[in-house]
1. Of all residues being of a type outside the set (S, T, N, Q) and either under 21 Å from SER128 (Cβ atoms) or touching a Leu at 6+ places or on another chain (Cβ under 6 Å) (or both) in segment 180-191, which is most open to solvent (accessible area, probe 1.4 Å)? Just the residue, please.
2. Mind listing just one residue for me: the one in segment 248-259 that is open to solvent by 40 Å² or more (accessible area, probe 1.4 Å) and part of a helix (DSSP H, G or I) and, of those, farthest from GLY275 (Cα to Cα)?
3. Across segment 160-179, which residue is surrounded by the fewest Cβ atoms within 10 Å (Cβ to Cβ) among those that are of a type in the set (D, E, K, R) and either over 12 Å from LEU127 (Cα atoms) or at pLDDT below 95 (or both)?
4. If GLN119 passes every condition in (1) open to solvent by 30 Å² or more (accessible area, probe 1.4 Å); (2) under 23 Å from the mean Cα position of the chain (by Cα); (3) of a type in the set (S, T, N, Q) but one, which one does it miss?
5. Can you spot a residue in segment 261-275 that is assigned to a loop (DSSP other than H, G, I, E, B) and more than 22 Å from the chain's Cα centre (by Cα)?
6. Among HIS114, HIS90, which is the only one that is crowded, with 19+ Cβ neighbours inside 10 Å and either in contact (Cβ under 8 Å) with a residue 60 or more places away in the chain or over 16 Å from the mean Cα position of the chain (by Cα) (or both)?
7. Can LYS239 be described as in contact with a strand residue (DSSP E or B) (Cβ under 9 Å, 6 or more places away or on another chain), of a type outside the set (S, T, N, Q) and open to solvent by 70 Å² or more (accessible area, probe 1.4 Å)?
8. Please go through segment 34-83 and give me each residue that is modelled with pLDDT under 55 and loosely packed, with under 14 Cβ neighbours inside 10 Å, ordered by number.
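The values are calculated or read from the model by the stated rules, or taken from the named source; none is laboratory data. Computed from a prediction, not measured in an experiment: that's the story for all the values here. Reconstructed Cβ throughout: ideal geometry from the backbone, glycine too, with neighbour counts over all protein chains shown. Calculation scope for accessible area: heavy atoms of the full protein, side chains included, ligands and nucleic acids excluded. Shrake-Rupley method; radii C 1.70, N 1.55, O 1.52, S 1.80 Å.
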Amino acid sequence: MKPRLPAVVGTLVLIGAAGGTGWWLTRDAPEPPPVIVPATDDLPVPPFPPRIADDDRYDKCMTMLADDPEGAEAIATSWQATGGGDGAIHCQALAKIANGEPASGADALEKLAHGGKLQGLTRVVLLSQAAEARLMAEQAGPALKDLDEALAISPDDADLLIGRANASDALGRSAAAMDDLNQALLLDPSRSDAFVLRAAVWRKMDMLDAARSDIDKAIALDPEDAEALLERGILRQLKGDREGARKDWTHAQEVDPNSETAELAAQNLTLLDAGPDKR
């Protein structure tokens, strides 16, 4: 499961650069709820194996998460009431996340992980899913706790390291985020998402050359990565390259038009067009 940055509301951050001072939307400091319901491909749906249950109802419920999360939750709730066990609890938890209740879903996943029945890789998957849900709910502290526990079981998991870096970054712990991202990239140098996040951390530390180096690596790995394009646009604006920023933000909209990233890019373009006197 490749973690993605959780969907968050963009935050205005004051940027002063050669090209003028202005406010630009970033993912750095998410605003409080309301929670944005994640897109289907952002759901913390488990890989197979491991499986939580061997049951046709489990398969049906998990399959329904993509197109009918409300129906999946109804099936899981009914199944749980008739003794569905761990499989019903798991699908119900993921359905709650899909239906805009990530904190409630995380609670259920954590209880399942700590119930004593599931161990090893299965427990790691549950804790990782709970952590992603916590991040969606703007609960970075509990997410960090879940990921610490998961990494104690599986210390060389790049996905978990990137997830923990996300949590550390949300808590303002840049050094810890850097350590995890460095380790993740040693384990898997092809992880463009790790380069994007590390670039953002470098930027917040005002180390723009290092940030640009990492974002260039991310885009070399995946030229159509909307999050990388959003971040490079911010870096270009910081360097006074307004037209370069415009190009990146426009491209980010084109490659992933229905995403939170595209929305942030569109708002940045509006700010850019308003001119320095209107920002």
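1. LEU186
2. If we take residues in segment 248-259 being open to solvent by 40 Å² or more (accessible area, probe 1.4 Å) and part of a helix (DSSP H, G or I), then VAL255 is farthest from GLY275 (Cα to Cα).
3. ASP179
4. Unmet condition: (2).
5. Yes, that holds for at least one residue.
6. The match here is HIS90.
7. Criteria met by LYS239.
8. Within segment 34-83, PRO34, THR40, ASP41, PRO47, PHE48, PRO49 qualify.
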